[in-house]
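The values are calculated or read from the model by the stated rules, or taken from the named source; none is laboratory data. Here the structure is a predicted model, which is why all the values come from computation and not from measurement. We place every Cβ from the backbone using ideal geometry, glycine too, and count neighbours over all the protein chains shown.
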Amino acid sequence: MWHFMDIKAFYDEPTNTVSYVVSDEATGRAAIIDSVLDFDYASGTIRYTGADAVLAHIQTHDLAVDWHIETHVHADHLSAAPYLQELLGGKIGISDQIIKVQNVFGKMFNAGTRFEHDGSQFDHLFTADEIYRIGNLHARAMPTPGHTPACMTHIIEDAAFVGDTLFMPDGGTARADFPGGDAGELYRSIQKILALPPETRIFVCHDYAPNGRAFAWETSVAEERARNIHLADQVSEEEFVAMREARDETLDMPKLIMPSIQVNMRAGHMPPSENNGQVYLKVPISDPRHGKKSKHEGE
């Protein structure tokens, strides 16, 4: 028997991200999923417009927040979880596989010894198929890696919040070329989602409005099985991997990947300030000439 829940979506057009507030109508307990912090890369300016819209919804409906859930370490936006937690309480949670992500990106950004690679920046690390509650709502954290090692689908009553694993049927599936990503693993994770009851509602984390249609973020297992452009006609794992890897080679990196990863691997917290009191975000430089010795070096 399903318990009555309310799902409120918040669409952030600059990053094409959808955040959700899921609440139990009986108890007023709630979870915030994949919140967004506004960040202007050019100026390094943070704003709270999107997060404040979530905050207003929580306050207007007198909800009590139990969870700030990250479906994965996002590469396209900064998390607003610490900001909302400070104002609303609740625990910040992510997959226990965050440790794999931290090991890779901690080295990439030379985060230093002050950056722990154990997930301790988060309040809770969800284990595989862990059962938890939001008030009276039944929830399960199902691992769905492939896009990243720490991706999880959160199944709450009759709804599945799939992060970046699946898009709307005309949007296809997530890329699998980030460090730790794997197209074969992504295919197998998607099959786990498609094995859920056909009537299960699916809520995606991104929508790019293909062919100019209106933005949308709710579909179903049945619709994905029948109409997903990357999965229809019972595509095999081998066929999917070939398609996904070829497509990924054509994609640009997300515009905010550098600041997003550095912040989100820290549960939405900024890196420590430097000796002048200023916080900085790093951009590793990729240069084919890097490593060549300058003719003036050592002179």
Worksheet item: Could you give every pair whose Cβ atoms fall below 7 Å, whose first residue belongs to region 132-144 and is closer than 14 Å to H68 by Cα, and whose second residue is in a strand (DSSP E or B) and among the β-branched types (V, I, T), counting only separations of at least 6 or pairs across chains?
Response: I134/V22; I134/I156; A139/I155; A139/I156
Worksheet item: Which residues, taken from region 145-159, are buried (at least 24 other Cβ atoms within 10 Å of the Cβ), touching a strand residue (DSSP E or B) at 6+ places or on another chain (Cβ under 6 Å) and small (G, A, S)?
Response: A150
Fill in: region 90-135, subset outside any loop (DSSP other than H, G, I, E, B) and among the β-branched types (V, I, T), residue surrounded by the most Cβ atoms within 10 Å (Cβ to Cβ)
I94
Worksheet item: Scanning for something free of Cβ contacts under 8 Å to residues at least 40 places away in the same chain, under 25 Å from I7 (Cβ atoms) and surrounded by fewer than 20 Cβ atoms within 10 Å (Cβ to Cβ), does region 197-206 turn up at least one residue?
Response: yes
Worksheet item: Could we say that I46 is outside any loop (DSSP other than H, G, I, E, B), surrounded by fewer than 18 Cβ atoms within 10 Å (Cβ to Cβ) and touching a Leu at 6+ places or on another chain (Cβ under 9 Å) here?
Response: yes
Worksheet item: Among D164, D177, which is the only one that is farther than 20 Å from D34 by Cβ and in a loop (DSSP other than H, G, I, E, B)?
Response: D177
Discussion item. Can you list residue pairs whose Cβ atoms sit under 6 Å apart, with the first residue in region 20-41 being farther than 30 Å from L281 by Cβ and surrounded by fewer than 22 Cβ atoms within 10 Å (Cβ to Cβ) and the second being modelled with pLDDT of 95 or more and of a type in the set (A, V, I, L, M, F, W, C)? Count only pairs 6 or more apart in sequence or on different chains.
Written reply: G28/L63; G28/A64; R29/A64; R29/I134
Worksheet item: (1) without any contact (Cβ under 8 Å) to a residue 12 or more places away in the chain; (2) in contact with a strand residue (DSSP E or B) (Cβ under 9 Å, 6 or more places away or on another chain): which one isn't true of F240, the others all being true?
Response: (1)
Item to complete: Restrict the check to region 55-65 and report whether at least one residue is within 30 Å of P210 (Cβ to Cβ) and either surrounded by fewer than 22 Cβ atoms within 10 Å (Cβ to Cβ) or in contact (Cβ under 8 Å) with a residue 12 or more places away in the chain (or both).
Response: yes
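Quick grid of which residues meet (1) touching a Ser or Thr at 6+ places or on another chain (Cβ under 6 Å); (2) at pLDDT 95 or above; (3) closer than 26 Å to D34 by Cα; (4) surrounded by 15 or more Cβ atoms within 10 Å (Cβ to Cβ):
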site: R244; (1), (2), (3), (4): no, yes, yes, yes
site: P259; (1), (2), (3), (4): no, no, yes, yes
site: N275; (1), (2), (3), (4): no, no, no, no
site: E299; (1), (2), (3), (4): no, no, no, no
